[in-house]
Amino acid sequence: MAAELIVESVGAVRVLKLNRPDRLNALNEAVHEALAAAFAAIEADDSVRAALLTGEGRGFCAGADLNQSLGGGPRDLGASIDRHYNPLVRRMRALPKPIVAAVNGVAAGAGANLALAADIVLACESANFTQAFIRIGLIPDAGGTHFLPRAVGDARARGLAMLGETITARQAADWGLIWRCLPDEGFLAAALAVAADLASRPTQALAAMKAAFNAAGANGLDAQLDLERDLQRRMGRTPDFAEGVAAFREKRPANFTGAPPARD
Ligand code: T3D
C-alpha cells in the first residue's frame, strides 16, 4: 500500500505530501501519526531548514475523514482533537523552522485550517477554501476560530464559519487569508522555490519570528516589546547576524547557515 504521507528531501527543504488523493487527502489516524512523526523528524534534523506541506491529486486536504475517523454516530470528538489536531497545530506553530503550505486544490474543514497553521500559505488559482464544519454540525477546529478572525477580521471570519461558503484562492489572497495565489502551471515548483528561499535565510531569526508572532495574540504591547528585546538579544549572538552585517559591508550575498548563537 502506498504511504499515506510522502516524505522527501529537496535540498534543505523537507516536503510532506498528503497522499490519499481518492479521498481528497482527508485525515485519518495513519496520516495524523505520519504527520506527527514527520514534523518531529524535521525539528530534530539541523540539515532541514524549511518544510513544505502539500497534497497529491486534485485536493489539498478535505479535513477529517468522514468515513473512517468521523463515521459511526455520536462520539467524543474532543478526544481525537486532543490526540491529533491540537498537537499537530501546536507542533507546526512551535516548529523553529518555517512551514510553507502549498494548497494545490480544495482545502476543507480541518484541511483548510491545517494550511492556515503554516507560516506562508500559497494556493494555486484553482484551489479553494471552505470551513465545511457547519455542514456537518461542527465548529471550526484545528485553530480555525483563532486564525480566521486574525487573518480576515471578525465579520468575514463569522461569515466563512457560519455560512460555510467556499472562497477561491484568489479571494483568499485578496482577503489576506493567505500570502499568495499563484498560477496552476508550475505551482509546486514555485512553492518549492519559496520554501528553498526560506531554507537559505537565517533560520534562527525565522524561528524567533514565529515565537514572537505566536505570542503576539495574547501579549499586550509592553509584553511584546519585552519579548522582541529578548529575542533580538539572542539574534545578536547568532553567526547569521554577523554574516548578514559582514555581507552588507562587503557588498556580497550573505551565506546564512542557520546556526544557533555560540552561548545558547
Ligand atoms: O475529532 C475529530 O476528528 C473532529 C475533527 C473534525 C475536523 C474536520 O475537518 S470536520 C470537516 C470534515 N470535512 C468535510 O466535511 C468536507 C467533506 N468534503 C466535502 O465537502 C467535499 O468533498 C469537498 C467540498 C471537500 C470537495 O467536493 P468535490 O465535489 O470537489 O469532491 P467530492 O466528490 O465530494 O469528493 C471526492 C471524493 O473524496 C469522494 O469520494 P467518492 O464518492 O469519489 O468515492 C468523497 O466522498 C471523498 N471525500 C471528500 N471529502 C472527504 C472524503 N472522504 C472522506 N472524508 C472526507 N472529509
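The values are calculated or read from the model by the stated rules, or taken from the named source; none is laboratory data. Bear in mind that the values here come from a model prediction, so they are computed numbers and not experimental data. Heads up, the Cβs are rebuilt from the backbone with ideal geometry, glycines too, and the neighbour counts pull from every protein chain shown. Protein only, heavy atoms only, side chains kept; ligands, DNA and RNA dropped before computing areas. Shrake-Rupley method; radii C 1.70, N 1.55, O 1.52, S 1.80 Å.
Points worth noting:
- Set Ala132, Ala173, Ala207: member being surrounded by 15 or more Cβ atoms within 10 Å (Cβ to Cβ) and within 16 Å of the ligand (Cβ to nearest atom): Ala132
- Subset of region 176-187 [in contact (Cβ under 8 Å) with a residue 40 or more places away in the chain and either open to solvent by less than 70 Å² (accessible area, probe 1.4 Å) or on the phi > 0 side of the Ramachandran plot (or both)]: Leu177, Ile178, Cys181, Leu182, Phe187
- Residues within region 229-244 that are open to solvent by 50 Å² or more (accessible area, probe 1.4 Å) and closer than 21 Å to Leu198 by Cβ, tallied: 5
- Screening Val48 on (1) within 17 Å of the chain's Cα centre (by Cα); (2) part of a loop (DSSP other than H, G, I, E, B); (3) more than 19 Å from Ile136 (Cβ to Cβ); (4) within 16 Å of the ligand (Cβ to nearest atom) shows it passes everything except condition (4).
- Residue tally, condition touching a Cys at 6+ places or on another chain (Cβ under 7 Å) and within 22 Å of Arg14 (Cβ to Cβ), over region 104-149: 5
- Within region 146-169, the set of residues being part of a loop (DSSP other than H, G, I, E, B) and either open to solvent by less than 20 Å² (accessible area, probe 1.4 Å) or outside the structural domain of Ile134 (by TED's automatic domain parsing) (or both) comprises Gly164 only.
- Tally, over region 41-74, of residues that are at pLDDT below 95 and open to solvent by less than 80 Å² (accessible area, probe 1.4 Å): 4
- Cβ-Cβ under 9 Å pairs, at least 6 apart or on other chains, region 211-234 side without any contact (Cβ under 8 Å) to a residue 24 or more places away in the chain, far side of a type in the set (D, E, K, R) and open to solvent by 40 Å² or more (accessible area, probe 1.4 Å): Ala212/Glu228; Phe213/Arg93; Phe213/Asp119; Asn219/Asp226
- Test for Leu77: is it on the phi > 0 side of the Ramachandran plot and either modelled with pLDDT under 95 or within 10 Å of the ligand (Cβ to nearest atom) (or both): no
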